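Asks: I have a structure here, written as structure tokens, and I will follow up with some questions on it.
The values are calculated or read from the model by the stated rules, or taken from the named source; none is laboratory data. Just so it is clear, the model here is predicted, and its values are computed rather than measured. As a convention, Cβ positions derive from the backbone with ideal geometry for all residues, glycine included, and neighbour counts pool all protein chains shown.
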Amino acid sequence: MSNQELNYLIHRAEKPTAASPTLVMMHGYGSNAQDLFGFTPYLPKHYHVISLEAPISLPMGGYAWFPLRIDLPMEAWIEAADITRISGLVLDTLEACIAKENLDPNGISLLGFSQGAMLGWTLALNYPKRFQRLIALSGFVVEQAIQLPDEKVSVPKIYAAHGLNDGVIPIQMARDTIRPLAQKYPAIDYREFPDAHEVSQANFTQLLEWLATTEAR
């Protein structure tokens, strides 16, 4: 584990309590912490929102969580060691955030888009006790980087969504890696939308409904 920490943005909950939930955002390849942070005004007001920024600066601007080897077949785009390494850095950063920002360690949920969703799947499945929920948008499961929990009840609640017309990560990648998990673990809710590589209004509306119905009481 590294002592380095990621940069992040934070929006604190209105009228926070010791049990206020926290939603941690992880942007896509080539983006930055400001991107998903734009969802904040539409999220429940009692949430803390943290948007992490990936550590790899790209030549054309923006940031990446780990290298993508797009000259290889899609199943070989990602090295398991790379996603394992960044998973450790995210965990270090969250541990520091929990202490520094006085957050409830039992109320942490993840939201990732594209490459951030791949990272989210890895964190939620490899460290299921650390996260309450995962929202995985327009990504897929990097199977070589995960170890599935033994018991069905041990996975966090997961909302996964993908666009049927996604030209960046084809729908078949999501179907091949997420559908089998959704069949095995009832806590995984997988949905498809007639979208491109984006979060449509319909998807976002259903995401908010799912967030409300799965919140710990």
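Asks: Which of the residues belonging to region 34-48 are surrounded by fewer than 20 Cβ atoms within 10 Å (Cβ to Cβ) and part of a loop (DSSP other than H, G, I, E, B)?
Replies: Those that are surrounded by fewer than 20 Cβ atoms within 10 Å (Cβ to Cβ) and part of a loop (DSSP other than H, G, I, E, B): GLY38, PHE39, LEU43, PRO44, LYS45, HIS46.
Asks: Which number in (1) touching a strand residue (DSSP E or B) at 6+ places or on another chain (Cβ under 6 Å); (2) part of a helix (DSSP H, G or I) marks the one condition that ALA136 misses?
Replies: The number of the failed condition is (2).
Asks: Another question, then. So which residues in region 163-174 are part of a helix (DSSP H, G or I) and loosely packed, with under 14 Cβ neighbours inside 10 Å?
Replies: GLN172
Asks: Now for a separate question. Can you name every residue in region 114-130 that is touching a helix residue (DSSP H, G or I) at 6+ places or on another chain (Cβ under 9 Å) and either on the phi > 0 side of the Ramachandran plot or surrounded by fewer than 22 Cβ atoms within 10 Å (Cβ to Cβ) (or both)?
Replies: Result: ASN126, TYR127, PRO128, LYS129, ARG130.
Asks: Also, I was wondering about something else. If you check every pair at least six apart or on different chains, which have Cβ atoms under 7 Å apart with a residue in region 81-94 that is closer than 15 Å to ALA64 by Cβ and at pLDDT below 95 first and a residue that is among the polar types (S, T, N, Q) and part of a helix (DSSP H, G or I) second?
Replies: Cβ pairs passing all conditions: ILE83/THR122.
Asks: Would you point out the residue of region 205-217, among those that are out of contact with any strand residue (DSSP E or B) (no Cβ under 8 Å at 6 or more places or on another chain) and in a loop (DSSP other than H, G, I, E, B), that is surrounded by the most Cβ atoms within 10 Å (Cβ to Cβ)?
Replies: GLU215
Asks: Something else about it: For residues that are out of contact with any helix residue (DSSP H, G or I) (no Cβ under 8 Å at 6 or more places or on another chain) and hydrophobic (A, V, I, L, M, F, W, C), scanning just region 205-217, find the one that is modelled with the lowest pLDDT.
Replies: Per the stated criteria, the residue is ALA216.
Asks: Considering only residues that are buried (at least 16 other Cβ atoms within 10 Å of the Cβ) and not hydrophobic (A, V, I, L, M, F, W, C), look in region 175-188 and name the one that is farthest from PHE140 (Cα to Cα).
Replies: Looking at the filtered set, the residue picked out is TYR185.
Asks: I would also like to ask the following. If the Cβ limit is 8 Å and pairs must be 6+ apart or interchain, which residue in region 123-146 that is under 18 Å from TRP210 (Cβ atoms) pairs with which residue that is in a strand (DSSP E or B) and of a type in the set (D, E, K, R)?
Replies: Pairs found: GLN132/LYS157; ARG133/LYS157; LEU134/LYS157.
Asks: Taking region 138-172 on its own, how many of its residues are aliphatic (A, V, I, L, M) and under 24 Å from GLN201 (Cβ atoms)?
Replies: 7
Asks: May I pose another question? Say whether the condition of being touching a residue at least 40 places away in the same chain (Cβ under 8 Å), within 15 Å of the chain's Cα centre (by Cα) and within 24 Å of ASP189 (Cα to Cα) is met by at least one residue in region 59-75.
Replies: Taking every residue of region 59-75 in turn, none turns out to be touching a residue at least 40 places away in the same chain (Cβ under 8 Å), within 15 Å of the chain's Cα centre (by Cα) and within 24 Å of ASP189 (Cα to Cα).
Asks: From ALA160, ALA202, ALA196, grab the single residue that is modelled with pLDDT of 95 or more, assigned to a helix (DSSP H, G or I) and of a type in the set (Gly, Ala, Ser).
Replies: So the residue among ALA160, ALA202, ALA196 that is modelled with pLDDT of 95 or more, assigned to a helix (DSSP H, G or I) and of a type in the set (Gly, Ala, Ser) is ALA202.
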